[in-house]
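Colleague: Here it is, the structure in full.
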Amino acid sequence: MEDIKAWTGEQYALIETHYPKALMNPGDEYRNSAWIRYDLHGVLGLCGCGIPEESAAWLLSLLKMIGSKRESPEDYERYCEKTEEVWGDTPDAMRYLILYWIDDRGWTEHGGNVRGCWLQEKGRAAMVALEMLIDAERLED
């Protein structure tokens, strides 16, 4: 991951607004995954046992899929392919449960059906924060 100084103003503003604790104690170098974990595990409800990093990586792929453009027929076709790649053989009830969960956190908004949701600003902030967590974890390995 690039140094925090190389971030766009939008990336920094999203984190500063929605996940301010992730920016605490940057020191000379931002890569302080303990602070990122402190903030994200609280927001995501991850305690740290099991496979929270893999869970965070999957959630990031879901948010990226939701955030992908679906304006043209080609975009929609790619979106459908990505949807199947992300969800795999996940049962519909579990798909809905996860979509309800991210909607409840204000990461998405939807019209008539939660499966047609789109990302909100807080969801884009969660994507940036998840990328920070995943990159920080890789650096520690």
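Each reported figure results from applying straightforward, stated rules to the coordinates on display, with no laboratory input. Just so it is clear, the structure is predicted and the values come from calculations on it, not from any experiment. All Cβ positions, glycine included, derive from the backbone under ideal geometry; neighbour counts span all protein chains shown.
Colleague: For the range 63-97, run through the GluC sites (Glu not before Pro) and keep only the ones in DSSP coil with at most 11 other Cβ atoms within 10 Å of their Cβ. Can you show the working numbers first?
Modeller: Details: sites: E71, E74, E77, E81, E84, E85; in loops: E71.
Of the GluC sites (Glu not before Pro), the ones in loops of the range 63-97 whose Cβ has at most 11 other Cβ atoms within 10 Å are E71.
Colleague: For W101 paired with W58, estimate the spin-label separation in nm (one decimal), with each label point 7 Å from Cα along the Cα-to-Cβ line.
Modeller: Those two pseudo-labels are separated by 0.9 nm.
Colleague: Report the extension gain between M65 and W87 in nm, rounded to one decimal, defined as 0.36 nm multiplied by the number of residues separating them, less their alpha carbon distance. Spell out each step's value before the answer.
Modeller: Details: separation 22, 0.36 × 22 = 7.92 nm, distance 1.01 nm.
Full extension of this stretch gives 6.9 nm more.
Colleague: Ordered by residue, what ³J(HN,Hα) values in Hz, to whole numbers, does the range 89-98 give under the Karplus form 6.51 cos²θ - 1.76 cosθ + 1.60, where θ = phi - 60° and Gly and Pro are x?
Modeller: Result, ordered by residue: 9, 4, x, 4, 4, 5, 4, 4, 4, 5 Hz.
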